[in-house]
Amino acid sequence: MEPGTAARPSRAQKWPSTTVVGPIEAQAARTPDAPALLPAGGAAVSYGELNAAANRMARCLADRGARPGTVVGLALTRPVDLVPVLLAVAKSGAAYLPLDPDDAPGRLSWLLADAAPVCVVGEGVPDAERPSVAELAGRAVTDPPRALTPQHPLCRAYGPGGRPAGVWTAHAEVDRRVRELQAVYGLGPGDRVLQLGLPLWEFLWPLRTGAALVLADPDRPGEVGELVREAGVTALRAAPAVLGELLPEPGPVHLVPERG
């Protein structure tokens, strides 16, 4: 399918609001052994393994103060590290704050002061840390309880340059956008999805459908075309500039336009 040939997602249809977490937990319970993450050059991670890792991390984040109404910074550049922590932040009830370690130190300091995260997971950013293997191993793998509603924020993001205002995006808004996309493009078990240059919350879309996320290696951007072929990618969603630069000839892959 060529970009832009599918019908545009409609906002007329209404769905009951939910958080982004419940559908993923339900999918993990239904298909714990199915592949959820397919890292380039690495071993597959099943839905059960991903959910257990996110549950352990969510409890570590809760120990650091993560809960609904708070913010957790994410300074992780490798998708294989990022996706479990992104899901863990959502499970904790906190909103994630994307942070780029390559940003100017002054901008990073301002973002951290303005958003006031309870902790930062990753590296290359002031006060960033990662829970130790021993700390994670001591946490339960069951889904953690949480007082989370669809109206709680999932993300706080800032535009480029200067001192832009932080924009909150609620679980309900992300859930609506994901359902609109799913209603048109219909991902499901058997799909292998590669996403490039998009908002972090879009990583959560395939994981509520039973599809597998193919995770590119950010240190080897020139190998995306090879990854598409070797991993058997069936759906590709990317910013147009990224698509043209990294994959000028996508071949027989279902292209999901950046904007539905």
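With respect to Ala212, is the statement that it is small (Gly, Ala, Ser), at pLDDT below 90, closer than 24 Å to Leu87 by Cβ and buried (at least 19 other Cβ atoms within 10 Å of the Cβ) true? Spell out the reasoning first.
Details: small (Gly, Ala, Ser): yes; at pLDDT below 90: no; closer than 24 Å to Leu87 by Cβ: yes; buried (at least 19 other Cβ atoms within 10 Å of the Cβ): yes.
Against the criterion (small (Gly, Ala, Ser), at pLDDT below 90, closer than 24 Å to Leu87 by Cβ and buried (at least 19 other Cβ atoms within 10 Å of the Cβ)), Ala212 does not qualify.
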Matching residues in the range 129-158 - criterion: being more than 19 Å from the chain's Cα centre (by Cα) and of a type in the set (A, V, I, L, M): Val133, Ala134, Leu136, Ala137, Ala140, Val141, Ala147
Any hit, the range 116-124, residues being free of Cβ contacts under 8 Å to residues at least 40 places away in the same chain and either exposed (fewer than 14 other Cβ atoms within 10 Å of the Cβ) or within 16 Å of the chain's Cα centre (by Cα) (or both): no
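Okay, residues lined up against (1) among the polar types (S, T, N, Q); (2) farther than 30 Å from Glu226 by Cβ:
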residue: Ala52; (1), (2): no, yes
residue: Thr77; (1), (2): yes, no
residue: Leu112; (1), (2): no, yes
residue: Glu123; (1), (2): no, no
Some residue of the range 156-167 being assigned to a loop (DSSP other than H, G, I, E, B), within 22 Å of Tyr47 (Cα to Cα) and at pLDDT below 95: no
Per-region count, the range 149-167, residues closer than 21 Å to Gly93 by Cβ and either of a type in the set (Gly, Ala, Ser) or in contact with a Cys (Cβ under 7 Å, 6 or more places away or on another chain) (or both): 2
Residue in the range 173-209 that is modelled with the lowest pLDDT, counting only those that are under 15 Å from the mean Cα position of the chain (by Cα), surrounded by fewer than 17 Cβ atoms within 10 Å (Cβ to Cβ) and within 23 Å of Gly41 (Cβ to Cβ): Gly197
Residue among Arg163, Arg139 that is of a type in the set (Lys, Arg) and free of Cβ contacts under 8 Å to residues at least 60 places away in the same chain: Arg163
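The values are calculated or read from the model by the stated rules, or taken from the named source; none is laboratory data. Every value quoted in this text rests on a predicted model; they were computed, and no experiment measured them. Using ideal geometry, Cβ is built from the backbone for each residue, glycine included, and neighbour counts are taken over all protein chains shown.
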